[in-house]
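*Asks:* The structure is given below, and queries will be raised subsequently.
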Amino acid sequence: MISHGGGWAGEQSGRIEELGGLIHAGLRDGDLDVELVVELAFLMEERGRTGQATREVVERPIAHLTPDDVARLGRRLLGDLGFGPSFVLDPGLWTELERELGVVERDLRAAGITGELRLVVPDWDDSGDAWVEFRGATQGNGIRPGGGGLAGVADAVQEVVMEMAWTVWPVCPEHDRGLHVAWERGRAVWRCTAGGSHAVAPVGELGHGRPAGRAQGPRRRSEKRMESEAPPSPG
Ligand SMILES: [Zn+2]
């Protein structure tokens, strides 16, 4: 039987990890069950992992703990354990990451860039992080379970795509300059640093509506005339 690298041997460590996963999920979903927190605190005490949070849970009557107390103590216990969620313990984190990748992929395809884009957990990274793989390669950093967010995923996709496709992506249709992802008013956007800096589109909505970089309709002023490269006139 292969032992965990986590530190605790034996069956209780398995239960501690399991409780960690359940408490993490409860905190995320806002419905943390006090019984889970109590069980974890007692198990930690048994294992000699006594701390301020375990003491408080053990000593205070459960009925006196408010939902805020329970959440606070749950977080403290996870912190004391050095608990990080994993994609195995919390498959919802993986689902969420895949959803975010799908959103970013819309922008990639809108730019006409092809090639397989997916999430992988490579053998060589024993942290259990997810990596964005594009055309069979990874680049940069992994995304830890529960980390990333749409901006983080967009960042990771951009890094591997630019490396593998040898192209700047995405590009501002107005200024022909590479964009970078930013967090703005609660959402991830692609931002251009030209023209006094402006948000081009939310991540996932690039190139929607009008074809990028093409003049449409009468509102467009001819502010940027292209110098046509006329062939030298025959002499
Ligand atoms: Zn721009």
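The values are calculated or read from the model by the stated rules, or taken from the named source; none is laboratory data. Remember, predicted model here, so these are calculated numbers, not experimental data. Virtual Cβ from ideal backbone geometry, glycine too; neighbours counted across all protein chains shown.
*Asks:* Within the range 59-91, track down each residue that is surrounded by fewer than 19 Cβ atoms within 10 Å (Cβ to Cβ) and polar (S, T, N, Q).
*Replies:* Within the range 59-91, just Thr66 meets the criteria.
*Asks:* Counting only residues that are more than 18 Å from Ala151 (Cβ to Cβ) and aromatic (Phe, Trp, Tyr), how many does the range 111-133 have?
*Replies:* The qualifying residues number 1.
*Asks:* When you go through (1) surrounded by fewer than 19 Cβ atoms within 10 Å (Cβ to Cβ); (2) within 19 Å of the chain's Cα centre (by Cα); (3) within 16 Å of the ligand (Cβ to nearest atom) one by one for Pro173, which number turns out not to apply?
*Replies:* (2)
*Asks:* For the range 64-73, state whether one or more residues are assigned to a helix (DSSP H, G or I), in contact (Cβ under 8 Å) with a residue 40 or more places away in the chain and either more than 26 Å from the chain's Cα centre (by Cα) or assigned by TED's automatic domain parsing to the domain that holds Gly21 (or both).
*Replies:* yes
*Asks:* Only residues that are at pLDDT below 95, within 14 Å of Glu17 (Cα to Cα) and among the small types (Gly, Ala, Ser): list them for the range 27-86, please.
*Replies:* Within the range 27-86, Gly79, Gly82, Gly84, Ser86 meet the criteria.
*Asks:* Could I ask something else about it? Tell me the residue from Trp94, Trp166 that is more than 16 Å from Leu206 (Cβ to Cβ), away from the ligand (no atom under 16 Å from the Cβ) and either surrounded by fewer than 15 Cβ atoms within 10 Å (Cβ to Cβ) or modelled with pLDDT of 95 or more (or both), please.
*Replies:* Only one candidate qualifies: Trp166.
*Asks:* Being surrounded by fewer than 13 Cβ atoms within 10 Å (Cβ to Cβ) and among the polar types (S, T, N, Q) is the filter; apply it to the range 100-153 and report the residue that is farthest from Val189 (Cα to Cα).
*Replies:* So, considering only residues that are surrounded by fewer than 13 Cβ atoms within 10 Å (Cβ to Cβ) and among the polar types (S, T, N, Q), the one farthest from Val189 (Cα to Cα) is Ser127.
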